[in-house]
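Shown next, in structure tokens, is the structure this report addresses.
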Amino acid sequence: MYHLPTCSTCKAAIKALKQRGREPELHDIRETPPSAEELGRLIASSGLPIGKWFNTSGEAYREMGLKDKLPSMSEEEKIRLLASNGMLIKRPIVSDGVQTTIGFKEQDFGPAWYKA
């Protein structure tokens, strides 16, 4: 799990997993963001378009003016940009190597991670 230790959404996801007997391996997304290569794999296994991976409510996203810049960027450029700054990535990212989820909404997160 890539998370930000101070993020309340990440804390809620960790708590939900632990309550169901899962112990996530935690990586601080600010200190050790996923590499561009790993992001490519995670994005593919999530089944989501790359635009969903941006933390659009984050300060870094706004400061960089990405709302206007992203439409003209290639997917490869977007992945390199995400890998360059963990604060641009929506969190938490949970993956078991086969499936990947981003964010924590119970209706999406639960079916993916609460199976027996």
Selection count where residues are β-branched (V, I, T), surrounded by 12 or more Cβ atoms within 10 Å (Cβ to Cβ) and outside any helix (DSSP H, G or I), scope region 79-98: 3
Number of positions in region 54-85 that are out of contact with any helix residue (DSSP H, G or I) (no Cβ under 9 Å at 6 or more places or on another chain) and under 14 Å from I29 (Cβ atoms): 0
Restricting region 52-78 to residues that are under 19 Å from the mean Cα position of the chain (by Cα) and charged (D, E, K, R), the residue that is surrounded by the most Cβ atoms within 10 Å (Cβ to Cβ): K78
The listed residue being exposed (fewer than 14 other Cβ atoms within 10 Å of the Cβ), hydrophobic (A, V, I, L, M, F, W, C), at negative phi and in contact (Cβ under 8 Å) with a residue 12 or more places away in the chain, out of L17, L42, L26: L26
Residue list for region 13-47, filter: closer than 17 Å to L81 by Cα and either in contact with a His (Cβ under 6 Å, 6 or more places away or on another chain) or in a loop (DSSP other than H, G, I, E, B) (or both): I29, R30, E31, T32, P33, P34, S35
Residues being in a helix (DSSP H, G or I) and either under 21 Å from E59 (Cα atoms) or under 12 Å from the mean Cα position of the chain (by Cα) (or both) - total across region 1-12: 4
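All of the numbers you see were taken from the coordinates with simple rules; none came from a lab. Predicted, not measured: the structure shown is a model, and the values here were computed from it. Methodologically, a virtual Cβ is constructed for each residue, glycine included, from the backbone with ideal geometry; neighbour enumeration extends over all protein chains shown.
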